[in-house]
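Following: one structure in structure tokens, then a few remarks.
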Amino acid sequence: MKLTCLGSGSAGNCYLLHNETECLVIEAGIPFKEVKKALDFNISKIVGVVVSHEHGDHAKYLHEYIKVGIPVMAPSMGHVTGALSAISKPFAVRTFTLVHDAPCTGFLIEHQEVGRLLFATDTEYIRYKFKSLNHIMIECNYSKDLLRESYYDGLQDRIKLTHMELDTCKDFIRANENHDLRTVCLMHLSDRTSNETVFQKEVQELVECPVYMANKRLEYEL
């Protein structure tokens, strides 16, 4: 099973968990035609799409999936279409609540080839601890020092309440690190208030597994 990133950040978010015969789409902030290209137009293997919340960079193209009958799980938006069993098999997807300025959910995804994968973005923090995670995909949006240098106080306050800061991200990874953890992926880095090299280095110091940065066309084995 591979993880492919088609976009991460305010311009649009979309990730594919896929192998030869099946694909789960995470977030619908990238045009569906880009997903089709990434899958060599074999959209029949898409078992479903899960969406964290209603903001356009995550959900703008959700209607394109609904239009062609692909099962949708977007509970924070009131959308659950198609047969949930289509998503549950072979993927098992559970949700948990995040902290944003709109209703937002994270996902705990299980699959025989993947193990247990956590996906959480656009949240101030995560209030839960998880057992035996094999993969962590988590927002690491900004550092407090770069935020202070880049924006006025009012906008700083909004960002602090809606996105995850580097130290908060590190605290979560530290609390959920275990011997079975195989990959960490840092997502949704701000263009202005993050430093990819520094963020990757600091998180890598916490874990023994590879740490990836979610850039367009990133692809790695799970």
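Laid out as a table, the results:
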| item | result |
| --- | --- |
| Fully extended contour minus Cα-Cα distance, from residue 192 to residue 221, at 0.36 nm per residue | 7.5 nm |
| Antiparallel DSSP beta bridges within the chain, as percent of all bridges there, nearest 5 | 60 |
| q = 0.15, 0.20, 0.31 Å⁻¹: log10 I(q)/I(0) that the Debye formula gives for the range 91-144, counting C-alpha atoms only | -0.43, -0.72, -1.31 |
| Translational diffusion of the range 40-139, µm² s⁻¹ [Kirkwood Rh, Cα pairs; Stokes-Einstein; 4 °C; 1.567 mPa s] | 91 |
| Cα-based Rg and Dmax for the range 3-83, where Dmax is the largest Cα-Cα distance (Å) | 11.3, 31 |
| Rounded accessible area of residue 197 (nearest 10 Å², 1.4 Å probe) | 110 |
| Loop trypsin sites (Lys or Arg not before Pro), the range 129-216 (other Cβ atoms within 10 Å of the site Cβ: 15 or fewer; DSSP) | 129, 131, 192, 216 |
| Shape parameters for the chain, alpha-carbon atoms, Rg then Dmax in Å | 16.4, 49 |
| Charge-dipole axis of the range 73-219 as Lys and Arg at +1 and Asp and Glu at -1 on Cβ define it, positive-most pick from 95, 176, 164 | 95 |
| Gain upon complete extension [residue 33, residue 99; 0.36 nm per residue less C-alpha separation] | 20.7 nm |
| Alpha-carbon radius of gyration plus Dmax, which is the widest Cα pair, for the range 1-44 in Å | 9.8, 30 |
| Exposed-loop-free span, longest in the chain, where GluC sites (Glu not before Pro) count as exposed if DSSP calls them loop and at most 10 other C-beta atoms lie within 10 Å | 21-204 |
| Dipole magnitude of the chain about its Cα centre (Cβ charges: Lys, Arg +1; Asp, Glu -1), debye to nearest 20 | 540 |
| Loop-resident sites, the range 151-222, for chymotrypsin sites (Phe, Trp or Tyr not before Pro), counting at most 16 other Cβ within 10 Å (DSSP) | 152 |
| Angle between the chain longest axis and helix 166-176 axis [Cα atoms, degrees, rounded to 10] | 60 |
| Relative contact order of the chain, pairs being alpha-carbon contacts under 8 Å that are 6 or more residues apart, as % | 19 |
| The range 1-73: chymotrypsin sites (Phe, Trp or Tyr not before Pro) falling in loop per DSSP and having at most 13 other Cβ within 10 Å | 41 |
| Cysteines without a disulfide-compatible partner [the chain; Cβ-Cβ under 4.7 Å] | 5, 14, 23, 104, 185, 209 |
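The values are calculated or read from the model by the stated rules, or taken from the named source; none is laboratory data. What you see is a predicted model; the values in this text were computed from it and never measured. Positions of Cβ are generated from backbone atoms using ideal geometry, with glycine treated the same way; all protein chains shown enter the neighbour counts. To get the accessible areas, we keep the full protein, side chains included, count just its heavy atoms, and leave off ligands, DNA and RNA. Shrake-Rupley method; radii C 1.70, N 1.55, O 1.52, S 1.80 Å.
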